[in-house]
């Protein structure tokens, strides 16, 4: 199980690298497509095999619903994740848990304005949503999303410190 948390951490780093190449650098370098395929493989593998995979599936679903998969690199990452899921087979899905995480992930994808604008930066809903599951004996949801987010934020912080 520890390996799944490490893979979630690596996926977070690589997703942020692709975001950085797409949004900040406006790079045309083909490495972003390779990196997107790698994070797609990691996320697809986690969805199919990790005990907390439903959380990542919900996040992907919410990104589609909110139309946030807005570049070719991220579409490639999503498609790769989908292909990997099909290769391993989609796990059993508890529709209530899935719906719960979809709603939280969707709330993180909304573009907030005014006093709610800090939600755009911190995206707290999916990070806080797994907390009740800790008390139900499922800390893996919380650890999985925090591992991903730690990787994402680590790369973001390293890039901001270079400026």
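What follows draws every value from the coordinates through simple rules; no lab data is involved. Only a predicted model underlies this, so the values are computations on that prediction, with no experimental measurement involved. All Cβ positions, even for glycine, are placed from backbone atoms using ideal geometry, and neighbour counts span all protein chains on display.
What the table shows:
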{"quantity": "At 1.306 mPa s and 10 °C, Stokes diffusion of the stretch 2-162 via Kirkwood alpha-carbon radius, µm² per second", "calculated": "100 µm²/s"}
{"quantity": "Within the chain, helix-based [θ] at 222 nm, where runs of 4 or more DSSP H residues each add -39,500 (n - 2.57), nearest 500", "calculated": "-23000 deg cm²/dmol"}
{"quantity": "Mean-position separation - Cα centroids, the stretch 128-148 and the stretch 35-51, in angstrom", "calculated": "19 Å"}
{"quantity": "Residue among 98, 148, 119 with the largest mean-square fluctuation in a Gaussian network model of the chain, springs linking Cα atoms under 10 Å", "calculated": "119"}
{"quantity": "Burial ranking of peptide ranges 6-17, 38-49, 135-146 (average Cβ count within 10 Å, highest at the top)", "calculated": "38-49, 6-17, 135-146"}
{"quantity": "Fluctuation leader among 121, 109, 153 - the chain, Gaussian network, Cα springs under 10 angstrom", "calculated": "121"}
{"quantity": "Among 84, 134, 113, residue whose mean-square fluctuation peaks in a GNM of the chain (springs only between Cα atoms under 10 Å)", "calculated": "113"}
{"quantity": "Label-to-label distance, nm, for residues given as residue 115 and residue 162 (7 Å Cα→Cβ offset)", "calculated": "3.9 nm"}
